1. Residue-wise, which Karplus ³J(HN,Hα) couplings in Hz belong to the stretch A:152-160, taking 6.51 cos²θ - 1.76 cosθ + 1.60, θ = phi - 60°, and x for glycine or proline?
2. Just to check, using Stokes-Einstein with a Kirkwood Rh over alpha carbon pairs, what's the diffusion coefficient of the stretch A:154-295 at 25 °C and 0.890 mPa s in µm²/s?
3. Can you return the aspartates and glutamates within cross-link range of residue C:198? Criterion is Cα-Cα under 17 Å, with same-chain partners fewer than 8 residues away left out.
4. Quick one: angle between helix A:341-353 and the longest Cα principal axis of chain A, in degrees between 0 and 90, rounded to 10, please.
5. Does the stretch C:12-132 come out rounded, prolate or oblate, given a ≥ b ≥ c as the square roots of the eigenvalues of its C-alpha gyration tensor, rounded meaning a/c under 1.5 and, failing that, prolate meaning a/b above b/c?
6. Less than 11 Å Cβ to Cβ from residue B:59, Lys/Arg counted +1 and Asp/Glu -1: what total charge do the surrounding residues give?
7. Short version: what are the Cα gyration tensor semi-axes of the stretch A:37-117, square root of 5 times each eigenvalue, largest first, in whole Å?
8. Taking the Cα centre of the protein assembly as shown as the origin, how large is its charge dipole in debye, to the nearest 20, when only Lys and Arg (+1) and Asp and Glu (-1) carry charge on their Cβ atoms?
Amino acid sequence: MPSEKMLMNGSHTVGEAAVRAGCRYYFGYPITPQNELPEYLSARMQDVGGTFIQGESEIASINMVLGASVAGGRAMTSSSSPGISLKQEGISYMAGMELPGVIINMMRGGPGLGNIAPSAADYFQATRGGGHGDYRTPVLAPAGCQELADLTFLAFDLADKYRNPVMLLGDGLMGQVMEPVVFPDFIDLKDLPRKEWALHGCEGREARAVYSMFLGQQGELYYHNLHLQEKYDRITAEEQRWETKRTDDAEIVVVAYGTAARIADTAIEELEAEGIRAGLFRPITLWPFPLPALRKLSQHVAKIAVFELSLGQMVEDVVLSVGERAEIYFHGLPGGIIPTPAQVAAFIRSALKGDGTVGRRIDV
Amino acid sequence: MIIRTTFAGFGGQGVLLMGYVLSHGAMHKGLNITYFPSYGAEMRGGTANCTVTLSDKKIASPVASNPDIVVAMNYPSLVKFEPAIVEGGAVFLNTSLFSEKPSRTDIEIVSVPTLELAKEAGSDRGGNMVMIGAVCARTGMLSLEETVKGMQAALKGKEKFFEQNQKAIEKGFAFIADGK
Amino acid sequence: MSEQVEYIKVFGRPESLKETPTHYCPGCGHSVAHRLVAECLDELGLRGKTIGVPPVGCAVLAYNYFNFDMVEAPHGRALAVATGIKRVHPDKFVLTYQGDGDLAAIGTTETIHAANRGERISTIFINNAIYGMTGGQMAPTTVLGQNATTAPGGRDPRLHGRPIDISRMLAVSDGVVYAERCAISSFKEIRKAKKAIKKAFRCQLDDLGFSLVELLSPCPTNWKMTPKAAWDWVAKEMVKTYPLGVIKDLTGYEDKK
Ligand SMILES: Cc1ncc(C[n+]2csc(CCOP(=O)(O)OP(=O)(O)O)c2C)c(N)n1
Ligand code: SF4
């Protein structure tokens, strides 16, 4: 049975959803603004007989996830931007070894230590692989507490289904905001598909190894990469998710994800009162980016307005999707600032007029 | 209907708890809510604030360009948030701590001597509960019963504080009913 | 006619400290530790040739308070950064100032290897048994039974492991010439700490090797104690896990009595 409606902040929501989704192994190192998540799980894992370890670093934590995953457990780690940078090596190994695992990034302002306010400046890092090598990780971008819960479940399922690390990309605001949530029922661990590839000791079978190094002279690494790519193509074809609002007969459509989309949504409501017909296109998977859907939409609207909490990252995917089908405008704010709906409304008005006072036109 | 309320004050004045009480009360009443606190290093400086949005429709942005209601538990909070309040909005002042008044004339001003009232209700520490009582009573966001429910949900597991807090909330409601 | 009175300055702000008020909480050990470091640098005439590396932790803004050159390092990497600096400037004075999370958790590798290489660097290690900056999570040095936000109910050796005595572990290494543990808990102990810091600095000036002073340091905020209770807790409780005194001394310096 799903839970009653509960009032929880975003970090606790992810923690509770993870436990209900069958995660019994959490490893992480403290960093603001996501400490409430490990703090929650340090107690909650005791209730459910799971494991919580505060690793000595993010590097250690992601490698503990790697270990728990290869042993067959549903495992996760969480951090914020500087810590996620440290995890990239481990994520690359997990991708190469085809190990599932869930990584939460509650992004904060960067580069370097930056600050702890919300930001969305890790889009490139998250969607382009982040670490070394030719690999991809599905990236889910929640825009509220209910979606944090639902996408946490999805993250574990996708990770197991494709044997691949999956990232949930939130920001400081998503981690702190409190909203009513209804949690899906607890997964019965016995119902999860058996992980035939996991290591439990070779008693009764041939010994096997899990690795990412392919030194063979017969092109083993070459074929391994083609195999991975075939998987990424499958994910691209099957796992795109997005949401649209008021896009029918819109004069302009705002493209935004996560917190930025929530703020843009209110801006659009406010503009309706002025007689401006603006719509919203919200990617939920950032990789795979819902390119065909946005392409199709752009055939019917004259203007696309991209709003980001970074100085211009997702806009590149929008350009790839839209091309010259519509005029593209961009407005981005450096990480570490929470914008108001009024600021976004000003951008939309400016893009409609094409006067360049807020944001700028992207020359395709 | 959509109402945005910002609570602000020193850390330790129970500012975030006021936001929880309103949020829980409104959720039990069946409204949509979002609650967004200031956090982290922002709080080292000794100030705290949170914004609660209530609506009967789905709420888009958890941050508001302009709050409808500001609850200023100390003077710096009044200075910081007064300019942002919407025309026709309201500000609640914790007059136990400061006597300065807003300069704006297009907003309603409600003065609440929280500490004196809390003492009358039998506790030195219930100033925030008196205030949330006064806020809910004056704005009609929650009834007395809903406010008390909200407090109990917000403090689940700390039942020993229920009785005292309820008295303080009732005091806040009575203060408004007396037409102060 | 009054006589001309001559004043002798007996106490003042060390030149190595700026006049900026710190952001540290009342009763925090960081402020005292800053002052001790600054006094020692002044007394040894080192301010102008010092390059310091603060941690990521509550002392991340130390460059606003110390009045000498400083450079930020990523969390835990202070001794790697300091190594780079010292190799470029062997004739300059290089110090790191690090918390327990920074030095003994995320930075353990960098710490052990810089010490083991015998880098001519002096390290001030602030052990407050908690993660101050991030709001009270368990530190590697959190003592058994001590509460932390990620050790609900207190540190339990089965679940969370035991507190680490990194200074004693480092002392095993041949690169370390001097290691001492002191406490910010009373005037007497603070005076001892100052002597230790000065000695550690001399090790670097005499090109002997790596030196370390660990300071047990109160964090009233995250221990949820009054300043007075926190200082007492250092003196009475923390020293049980981390006994005070010289851990290793190969300097051959004669201590002035
Ligand atoms: C890579 C990375 N991970 C995590 C953090 C968050 N962080 C900042 S300070 C700190 C630990 C602080 O504890 P300590 O070193 O004991 O110093 P204190 O604040 O107690 O003085 C952490 C985990 C960070 N800045 N960078
Ligand atoms: S949190 Fe603790 S270590 Fe940090 S400044 Fe306050 S008392 Fe000092």
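1. Values, residue by residue: 5, 4, 4, 4, 5, 5, 5, 4, 6 Hz.
2. Values: Rh = 19.5 Å.
Calculated translational D: 126 µm²/s.
3. C:15, C:39, C:42, C:43, C:180, C:189, C:206, C:207, C:214, C:249, C:254, C:255
4. 60 degrees
5. Values: a/c = 1.97, a/b = 1.12, b/c = 1.77.
Judged from the Cα gyration tensor, the stretch C:12-132 comes out oblate (a/c at least 1.5, b/c at or above a/b).
6. Details: positive: A:262, B:4, B:57, B:58; negative: A:179, A:265, A:269, B:56.
That works out to 0.
7. On the way: eigenvalues 93, 64, 16 Å².
Working from the Cα gyration tensor, I get semi-axes of 22, 18, 9 Å.
8. Working: 82 positive and 88 negative charges, 318 e Å.
With Lys and Arg at +1 and Asp and Glu at -1, about 1520 debye.
Computed from the coordinates by the stated procedures, all read-outs in this text should not be read as laboratory data. Quantities reported herein were computed from a predicted structural model and do not represent experimental measurements. Neighbour counts run over all protein chains shown; Cβ positions are idealised from the backbone, glycine included.
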